[in-house]
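Structure record follows, encoded as structure tokens.
Please treat every number below as a calculation from the coordinates, not as lab data. Just so we're clear, the structure is a prediction, and the values are computed from it rather than from any experiment. Quick reminder, even Gly has a Cβ in these numbers, built from the backbone with ideal geometry, and neighbours come from all protein chains shown.
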Amino acid sequence: MDKEILIKKYLTSSLSETEQQNFEKLLESDTDFKEEVELRSVLFADFKVKQKSKMREWANELNEKKTPSLAPSSATNTSTFSTLRRFAALVVVGLLAYFLYTFLVPSTTPLPDYLAERHPSPTVVMGQQESKQQHWDLAITAYRSEKYDLVVEELKKLPSLTDEQRFYLGLSYLYQEPSLAINAIESFEPLFLKSGDFREEALWFVALAYLEKGDKEAAKELLERIVQEDSWNVEKAKEVKNLILKNEVKKLY
């Protein structure tokens, strides 16, 4: 069968059993074919991610259009001025509280500077079952686009995760809102508790996840382990640990 047809059928999950066998043989024997499949997989995954994003935007627009607008009544018109005054007063109080908090309350979490440094995305590796490969391709593309909720969505569709997939699942939880830090910890912990390719990276990121969660004691223990083992990101671990200690000293006075 024509290679182009095989690739198109692979991307649309429509390969027959015989075609699947031929496809896998070509992946093993034809380097050019394998590279073309990897490239097309990434492009196709990127297209699907963009389509999902567009669908969400359209859904939001439809919901907004469905919300009925209230026509202003005469009573509303007469109370407009007083309403504006109350609103202005609330804005002033809010701004005052913001500036007091920003300038008088010291920052105690060094985490955001390090979360700003996004870990590189994984590479596309062929060889998995077709449906699993497509979910992984989509997750990779979503990660590269910093759409971490979509990464989680695609990886959750897999019946089981490799260490690499579990690592990027943890990152995608960590790079979202702080309330998901506990999910990041649950993803990272099996990786740093055993020897493996992602142990050192998982140790660093689970320390950040504990900081994001607000558990500084657990974070310090893990940072100290990184220092003692002279592990990955040891200099950053020293710096974050020292910042935590300095902030705790300030609280005593």
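Counting Lys and Arg as +1 and Asp and Glu as -1, what is the net charge of the other residues whose Cβ lies under 15 Å from the Cβ of GLY196? Before the final figure, lay out the partial values.
Numbers: positive: ARG166, LYS194, ARG199; negative: ASP163, GLU164, GLU189, ASP197, GLU200, GLU201, GLU229.
Net charge in that neighbourhood comes out at -4.
Can you run phi through the Karplus equation (6.51, -1.76, 1.60; θ = phi - 60°) for region 208-213 and list ³J(HN,Hα) in whole Hz, with x for Gly and Pro?
5, 5, 5, 5, 4, 6
May I ask you to list the aspartates and glutamates whose Cα is less than 13 Å away from that of LYS194, ignoring any residue fewer than eight positions away on the same chain?
Within the straight-line limit of under 13 Å, LYS194 reaches these aspartates and glutamates: ASP163.
In whole Hz, with x marking every Gly and Pro, tabulate ³J(HN,Hα) for region 226-241 from phi via Karplus 6.51 cos²θ - 1.76 cosθ + 1.60, θ = phi - 60°.
4, 5, 5, 8, 6, 8, 4, 6, 4, 5, 5, 4, 4, 5, 5, 4
Quick check of the Kirkwood formula: for region 159-198, what is the inverse mean of 1/r over all pairs of different Cα atoms, in Å? Before the final figure, lay out the partial values.
Details: mean 1/r = 0.0980 Å⁻¹.
So the Kirkwood estimate lands at 10.2 Å.
Let me test this: with uniform point scatterers at the alpha carbons of region 112-251, what is the Debye-based log₁₀ I(q)/I(0) at q = 0.14, 0.15 1/Å?
-0.64, -0.73
If Lys and Arg each add +1 and Asp and Glu each add -1, what is the summed charge of the other residues whose beta carbon sits under 15 Å from the beta carbon of SER160? Walk me through the numbers on the way to the answer.
On the way: positive: LYS132, LYS156, LYS157, ARG166; negative: GLU154, ASP163, GLU164.
With Lys, Arg at +1 and Asp, Glu at -1, the net is +1.
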